[in-house]
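Below is one structure, written out as structure tokens, with a few remarks after it.
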Amino acid sequence: MKMMMMMKVMMMVMVMVMVMVMVSEGSIIEQTCKETQDFNLCVSLLNSDPRGSSADTSGLALILIDKIKGLTTKTLNEINGLYKKRPELKRALDECSRRYKTILNADVPEAIEAISKGVPKFGEDGVIDAGVEASVCEGGFKGKSPLTSLTKSMQKISNVTRAIVRMLL
Amino acid sequence: MASTEALLPVTSRQDPLSESRSDQIPETRRRRPIKVHLAVYSGLLLIALYVALIVTHDGSTAQHGAKDESSTESRASLAGVSEKSNDRVSRLSDDRKVEAFPWNNTMLSWQRTAFHFQPEKNWMNDPNGPLFYKGWYHFFYQYNPNAAVWGDIVWGHAVSKDLIHWLYLPIAMVPDQWYDANGVWTGSATFLDDGSIVMLYTGSTDKFVQVQNLAYPEDPSDPLLLKWAKFSGNPVLVPPPGIGAKDFRDPTTAWKTSTGKWRITIGSKINRTGISLIYDTTDFKTYEKHDTLLHQVPNTGMWECVDFYPVSKTQVNGLDTSVNGPGVKHVIKASMDDTRIDHYAIGTYYDSNGTWVPDNPSIDVGISTALRYDYGKFYASKTFYDQNKGRRILWGWIGESDSEAADVQKGWSSVQGIPRTVVLDTRTRKNLVQWPVEEIKSLRLSSKKFDMTIGPGTVVPVDVGSATQLDIEAEFEIKTEDLKLFFDDDSVEADKKFSCETSGGSTARGALGPFGFSVLADESLSEQTPVYFYVTKGKHSKLKTVFCTDTSRSTMANDVVKPIYGSFVPVLKGEKLTMRILVDHSIVEGFAQGGRTCITSRVYPTKAIYGATKLFLFNNAIDATVTASFKVWQMNSAFIHPYSPDDLGVPSRT
């Protein structure tokens, strides 16, 4: 009897250890995000999307591009609101508006099409450009940008997305 | 459109160059002059003043330029320029003090080229199916009819009698079938024995699978080949087992095997190994796949736009793709998806089993040190055999190095390089030699000849009038005594690591270089693009020559990529240093030693535009005096325009 009990306990322990080992190896999201420069950001963005848990690398890239699109829209709204609050910043805001519209109307569609169709290099170009446009917009405020936090987010997301897109090359 | 050349800090194990520069990149990205507005306004004022100056003082400036030797004033200005640029780098480490660059339409519209092929508007990428037929050179290209970024791809079409004066034709192929619904992508033409044309191209299907399709001219009697028919049995090839559905594209021109079958190759990858699949066919409709590959190289990633062709070991003419024999070597070229670099290697083709072996495996296709057609911005290139003049001609896609916002604002993106002849370098036998097609000389207008001796640390204005459309051919010689002193000086060690990218650009002064031309420069040299030689000591105490283009100071704008490009160029005993430069607004193409090393760059000045563009000759060496003997031609526009019935029968426009 005691032997049986001991064997049952040992089996349970073995199963538990196996499960722990499997879980610690990480999901596809975690494994993918490990290869980017911002693991935490990458994981939180991908986990926040219901498609994340079942997506392949292309799918993960597309989720992040969707995040870029969302952040762009948010920033454009912020820019629009600033015209009234900070009218002295009009010139910089105009340039930012142009730059973020480029992300929305050129970079994002280009990246989505390229990744869906399996020519990821054009997706990489679009994603890199999103970061460039954000940086250029930021620079227009000569150090007094009301958008710094949004700029930094875009730069970080752009970097992480680029790293994942490069995995498709 | 921003390129992948590390604009933002990215840690990528596949891109060591960006890693090493990642610390610098934030600085580079934020390298903005502090008083840009002032600079822009004073720049515009300068342009107006200079136009006035040019009109009134043309004669005297020319004299001065032609006879100038070294002068302390020039040396000071050179040193001043070097210091200024260093200052600019250190001062601009703080992003927040710097302003974005506002592109205006005057600056942007200047960027359009005058004699390079580009569509009237929107995005272009890979050259497709180039061929010569019934008196016309045909050029097809990946084109987006809807935007200035990649997408919605169709086959654009243009024709020319001379590879220079192009006429736009209607779009040749659109995604109207399930097997190319998501893209009519890159392909190549083959001439059958009866002279008819077959076109193989990649289609992206309605399910996003990459397949190969067959198309042919609807009306072979139409010299303009306006309409194309797609084979009803398409696709003729689908991704084979073991090959990814999205790793199968860009079929080559076919060549005849010794058994009379046609053979093609298609690039792909298996994990990180770049490969080239090989197929035989008799009718271009059904194919046998070889179990072996034409070639493969580990760790090179996906091979796009593979090209495969013979070159003569002894003659300087081109060869039809089917030629084989003892007097022939074969070239494999591939476009590396990972790095956006076109690499080629020379080797031996074994027709019996469809394999190819490189002459030098250490610089095999795709290895980072492998040879390149071009050390600058140049991708997705493709050759064709020009049976009209017995040449092999190379086309290359030259993308933008600016931001996509600028592309959208100016309404277009990308140009093609000037078509080049390609032959084996019969002297070194280890590399190809490329040269702009002879027909480009038909664009040459007036010219000026110069002979100048310039001492160390000199910049000399070269008065040629307008300096945005130029053809420059130059010969340089370093004074023998200076060479000998350098050569015999044992304290000067071999500079094994010297490269254009890491050398600090044209302001880093060595004993024997850099020296060359500064193109697309403004009067004050605040914007300039030096194209130059740098001679240094190589292994075994031999001299080593490097040819570079430095775009790091080409523009005040900071939303563009500004790399330093270039490479070692073989200089054989008894050869003088020669370079040719084509300047055409926002594109500069440099050719060293008759085309042994070529560099294409995209340049976007903000001040050095229109009448303010200048040309300078410089010698930034510390010890050497250099003699430069050169000729500069003004280049006419090619007046590329939509085809009209008036164009029929007109050989070329002059």
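The values are calculated or read from the model by the stated rules, or taken from the named source; none is laboratory data. A quick note: this is a predicted structure, and the numbers were derived from the prediction, not measured. Ideal geometry is used to build each Cβ from the backbone, glycine not excepted, and the neighbour counts take in all protein chains shown.
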Report task. Can you confirm whether the stretch A:148-160 contains a residue that is in contact with a Lys or Arg (Cβ under 8 Å, 6 or more places away or on another chain), crowded, with 24+ Cβ neighbours inside 10 Å and closer than 19 Å to B:S403 by Cβ? Result -> yes
Query raised in the report: Going by the structure shown, is B:N353 out of contact with any strand residue (DSSP E or B) (no Cβ under 9 Å at 6 or more places or on another chain) and either among the hydrophobic types (A, V, I, L, M, F, W, C) or without any contact (Cβ under 8 Å) to a residue 12 or more places away in the chain (or both)?
Result: no
Requested in this report: Scan the stretch A:141-152 residue by residue and report those that are facing chain B (nearest Cβ under 7 Å) and of a type outside the set (G, A, S).
Outcome: A:K142
Report task. Keeping to the stretch B:569-580, report how many residues are surrounded by fewer than 18 Cβ atoms within 10 Å (Cβ to Cβ) and at negative phi. Result -> 5
Query raised in the report: Before we move on, is B:D623 among the acidic types (D, E), at pLDDT below 95 and surrounded by fewer than 24 Cβ atoms within 10 Å (Cβ to Cβ)?
Result: yes
Query - Qualifying position, being closer than 30 Å to B:S403 by Cα and in a loop (DSSP other than H, G, I, E, B), among B:S506, B:S526 - result: B:S526
Report task. Quickly run through the stretch B:229-240 and pick out the residues that are crowded, with 20+ Cβ neighbours inside 10 Å and outside any loop (DSSP other than H, G, I, E, B). Result -> B:K230, B:L237
Requested in this report: Determine, yes or no, whether B:Y141 is more than 14 Å from chain A (Cβ to nearest Cβ), farther than 24 Å from B:D584 by Cβ and modelled with pLDDT of 95 or more.
Outcome: no
Report task. Would you mind stating whether A:K84 is more than 14 Å from chain B (Cβ to nearest Cβ), under 27 Å from B:P145 (Cβ atoms) and without any contact (Cβ under 8 Å) to a residue 40 or more places away in the chain? Result -> no
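Conditions (1) within 14 Å of another protein chain (Cβ to nearest Cβ); (2) touching a residue at least 24 places away in the same chain (Cβ under 8 Å); (3) surrounded by fewer than 23 Cβ atoms within 10 Å (Cβ to Cβ); (4) touching a His at 6+ places or on another chain (Cβ under 6 Å), marked per residue:
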| residue | (1), (2), (3), (4) |
| --- | --- |
| B:P298 | no, yes, yes, no |
| B:M302 | yes, yes, no, no |
| B:D307 | no, yes, no, no |
| B:V316 | no, yes, yes, no |
| B:N324 | no, yes, yes, no |
| B:K333 | no, yes, no, no |
| B:D337 | yes, yes, no, no |
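Yes or no, residue by residue, for (1) out of contact with any Ser or Thr (no Cβ under 6 Å at 6 or more places or on another chain); (2) in contact (Cβ under 8 Å) with a residue 60 or more places away in the chain; (3) in a strand (DSSP E or B):
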residue: B:K544; (1), (2), (3): no, no, yes
residue: B:C548; (1), (2), (3): yes, no, yes
residue: B:A557; (1), (2), (3): no, yes, no
residue: B:G611; (1), (2), (3): yes, yes, no
residue: B:L615; (1), (2), (3): yes, yes, yes
residue: B:S637; (1), (2), (3): yes, yes, no
Report task. Kindly provide the set of residues from the stretch B:389-410 that are surrounded by fewer than 24 Cβ atoms within 10 Å (Cβ to Cβ), more than 23 Å from B:T186 (Cα to Cα) and within 14 Å of chain A (Cβ to nearest Cβ), ordered by number. Result -> B:V408, B:Q409, B:K410
Query raised in the report: Only one of A:K90, A:K144, A:K117 is basic (K, R), over 26 Å from B:G411 (Cβ atoms) and surrounded by fewer than 24 Cβ atoms within 10 Å (Cβ to Cβ); which?
Result: A:K144
Query raised in the report: Inside the stretch A:98-125, can you point out the residues that are within 30 Å of B:S268 (Cβ to Cβ), assigned to a helix (DSSP H, G or I) and facing chain B (nearest Cβ under 7 Å)?
Result: A:A106, A:D107, A:P109, A:E110, A:E113, A:A114, A:S116, A:K117, A:K121, A:F122, A:E124, A:D125
Report task. Can you confirm whether the stretch A:122-134 contains a residue that is buried (at least 18 other Cβ atoms within 10 Å of the Cβ) and more than 18 Å from the chain's Cα centre (by Cα)? Result -> no
Query raised in the report: Hey, any hits in the stretch B:241-256 for a residue that's of a type outside the set (V, I, T), closer than 19 Å to B:T186 by Cβ, in a strand (DSSP E or B) and more than 14 Å from every other protein chain (Cβ to nearest Cβ)?
Result: yes
Report task. Give the residue that is farthest from B:D291 (Cα to Cα), with candidates limited to residues of the stretch B:192-203 that are free of Cβ contacts under 8 Å to residues at least 60 places away in the same chain and in contact with a strand residue (DSSP E or B) (Cβ under 6 Å, 6 or more places away or on another chain). Result -> B:G203
Report task. Check the stretch B:272-294 and report whether any residue there is within 14 Å of another protein chain (Cβ to nearest Cβ), closer than 23 Å to B:I367 by Cβ, among the β-branched types (V, I, T) and assigned to a strand (DSSP E or B). Result -> yes
Query - Residue among A:E78, A:E95 that alone is among the acidic types (D, E), assigned to a helix (DSSP H, G or I), buried (at least 16 other Cβ atoms within 10 Å of the Cβ) and within 14 Å of another protein chain (Cβ to nearest Cβ) - result: A:E95
Requested in this report: Evaluate the following for A:E138: is it within 9 Å of chain B (Cβ to nearest Cβ), crowded, with 23+ Cβ neighbours inside 10 Å, within 19 Å of A:E35 (Cα to Cα) and charged (D, E, K, R)?
Outcome: no
Report task. Go through the residues of the stretch A:23-43 one by one and say whether even a single one is within 22 Å of A:I157 (Cα to Cα), modelled with pLDDT of 95 or more and hydroxyl-bearing (S, T, Y). Result -> yes
Report task. Determine, yes or no, whether A:I68 is modelled with pLDDT under 95 and surrounded by 10 or more Cβ atoms within 10 Å (Cβ to Cβ). Result -> no
Report task. Would you please name the residue that is farthest from B:T265 (Cα to Cα), looking only at residues in the stretch B:170-188 that are surrounded by fewer than 22 Cβ atoms within 10 Å (Cβ to Cβ) and away from chain A (no Cβ under 14 Å)? Result -> B:P170
Query raised in the report: Could we say that A:I128 is among the hydrophobic types (A, V, I, L, M, F, W, C) and more than 8 Å from chain B (Cβ to nearest Cβ) here?
Result: no
Query raised in the report: Does B:S188 count as within 23 Å of B:I418 (Cβ to Cβ) and touching a residue at least 24 places away in the same chain (Cβ under 8 Å)?
Result: yes
Report task. Could you tell me which numbered condition B:D374 fails, if it satisfies all but one of (1) more than 15 Å from B:P419 (Cβ to Cβ); (2) surrounded by 21 or more Cβ atoms within 10 Å (Cβ to Cβ)? Result -> (1)
Query raised in the report: Taking the stretch B:536-552 as the region of interest, how many residues are in contact with a helix residue (DSSP H, G or I) (Cβ under 8 Å, 6 or more places away or on another chain) and crowded, with 23+ Cβ neighbours inside 10 Å?
Result: 2
Query raised in the report: Is there a residue in the stretch A:7-18 that is among the basic types (K, R) and outside any helix (DSSP H, G or I)?
Result: no
